[in-house]
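Read through the structure below, which is laid out as structure tokens, and then see the notes.
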Amino acid sequence: MSNRLVINGGALWEGCILASCVHGVMLAEYPFTLCENGWFGEIYRVQNEEGSKAVLVFSEENELLMGMFDDRKSLRSKLILSDKYARSHYKEAPQEIRDAAEALSVLFEDTAGRKKLPFVTTGFWEEEGQILSRDSYEDWFEHGGHILAAQMLPFEEAMSYYQAKCSMDAPRMEIAERIYRERIKSPKAKVVLKKEEIEVLEAAGPYNMDICKEVFEQFGVLFQN
């Protein structure tokens, strides 16, 4: 039986963009956080300090289509290393979702003995305008949804969280907010990081700007020449 999760897909997309903006402006100073956020077309990936990760798939119109989660501290950890268990999270989803979940599970492979199998603890999908899961909201959050806790915060709360977590100074907070607001206002348009803003980031990590530039480009933010 599937359960409806009270998740606002549009707000979650905006939260993922904000997380990516913050990640981008801090990456020059903290290059070791490179794997924490990433966009691959319409696929968003986030990984936390524990090695747990979530992958979300959006449509070209930024609508939430599905999510897959790997919670390394989940009590389900003894069940998950099997192809059958990974697929079970999408058992009641439409066929196209099940096919997509099988393809997406490659990103969650882990080694069990001599085999590489998907390490998946929970998931959800969109169907007829609703976000559905075989888990209740509480179980989904406990077994992986919490990885997106920051992305699901309202803007002001999220910025306070990132300011404390990343030790963000005022100039970089302003840059992150400007990029975020422009990006969500015109999702299809390119956003340009101004020269003076690039100089602020460069001052924190001049040797990491190539990586920084690549990460920004993943979600449509370009450096001014």
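Within segment 133-162, the set of residues being under 18 Å from L65 (Cα atoms), among the aliphatic types (A, V, I, L, M) and assigned to a helix (DSSP H, G or I) comprises I147, L148. If you go through segment 10-50 and keep only what is among the β-branched types (V, I, T) and farther than 17 Å from C212 by Cβ, you end up with I43, V46. So is E177 in contact with a Leu (Cβ under 9 Å, 6 or more places away or on another chain), surrounded by fewer than 18 Cβ atoms within 10 Å (Cβ to Cβ) and either assigned to a helix (DSSP H, G or I) or modelled with pLDDT under 95 (or both) or not? Yes. Taking each residue of segment 27-43 that is more than 25 Å from L104 (Cβ to Cβ) and looking for partners that are of a type in the set (F, W, Y) and surrounded by fewer than 17 Cβ atoms within 10 Å (Cβ to Cβ) with beta-carbon atoms closer than 9 Å, six or more apart or interchain, yields A28/Y207; P31/Y207. Does at least one position in segment 123-131 carry a residue that is farther than 24 Å from E92 by Cα and open to solvent by less than 70 Å² (accessible area, probe 1.4 Å)? Checked against the condition, which is being farther than 24 Å from E92 by Cα and open to solvent by less than 70 Å² (accessible area, probe 1.4 Å), segment 123-131 yields no hits at all.
Restricting segment 21-58 to residues that are more than 24 Å from I198 (Cβ to Cβ) and of a type in the set (D, E, K, R) leaves a set whose member that is least open to solvent (accessible area, probe 1.4 Å) is K53.
Within segment 132-164, if we keep just the residues that are open to solvent by less than 60 Å² (accessible area, probe 1.4 Å) and hydroxyl-bearing (S, T, Y), the residue that is nearest to L75 (Cα to Cα) turns out to be S136. Inside segment 104-122, residues that are open to solvent by 70 Å² or more (accessible area, probe 1.4 Å) and at pLDDT 90 or above make up a count of 0. Restricting attention to segment 1-20, the residues that are under 21 Å from M173 (Cα atoms) and either open to solvent by 10 Å² or more (accessible area, probe 1.4 Å) or out of contact with any strand residue (DSSP E or B) (no Cβ under 8 Å at 6 or more places or on another chain) (or both) add up to 6. Total residues in segment 125-143 satisfying the condition of being modelled with pLDDT of 95 or more and at positive phi: the figure is 0.
The values are calculated or read from the model by the stated rules, or taken from the named source; none is laboratory data. Quantities reported herein were computed from a predicted structural model and do not represent experimental measurements. In this analysis, Cβ positions are derived from the backbone assuming ideal geometry, glycine residues included, and neighbour counts consider all displayed protein chains. Surface accessibility is based on the protein's heavy atoms, side chains included, excluding ligands, DNA and RNA. Shrake-Rupley method; radii C 1.70, N 1.55, O 1.52, S 1.80 Å.
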